1. Could you list log10 I(q)/I(0) for the range 25-116 at q = 0.17, 0.19, 0.20, 0.26 Å⁻¹, which the Debye formula gives when each Cα is one point scatterer?
2. Note down the nm distance, to one decimal, between modelled labels 7 Å out along Cα→Cβ at residue 104 and at residue 67.
3. Quick check: pseudo-label points 7 Å beyond the Cα along Cα→Cβ at residue 40 and residue 4, how many nm apart are they?
4. If neighbour count is taken as other Cβ atoms inside 10 Å, put 9, 92 in order from fewest to most.
């Protein structure tokens, strides 16, 4: 009887352990923002785009034009169980350039300063997502024109 009780207690402890570890938050980090020490090496009005590339590296995002500004973005996302992922930290570093390719300004934005910087991305909407495989096949039957088979 004691052996059965010990196995039951062990099984319950294992289930509780699985439940507790399954509910712990996980964090994902995306992007890169240069260190403050590296930014101290850049002088506004003196250093150029090539200097920025050498000192802190090229950004993952840049302005729309080929000679656009540089944007370094880092995000930290918390995932907790079944809940929707939440951005808990976002930092954006913007380096803008003058017409002669020298640094005009270096700005930093983030969530911690009360400034929310929304990031947007373009996603091509596929019309196939809402239709299942069988529905796609059956919807094409009415689109077949027998006259098209004889034209050439």
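Since every read-out is calculated from the coordinates, none of them should be taken as a lab result. Please read all numbers here as calculations on a predicted model, not as lab measurements. Cβ: placed from backbone, ideal geometry, glycine included. Neighbour counts: every protein chain shown.
1. Values, matching the q order: -0.75, -0.88, -0.94, -1.33.
2. Computed distance between label sites residue 104 and residue 67 equals 1.1 nm.
3. According to this spin-label approximation, the distance is 7.1 nm.
4. Sorted ascending by nearby Cβ count, the order is 9, 92.
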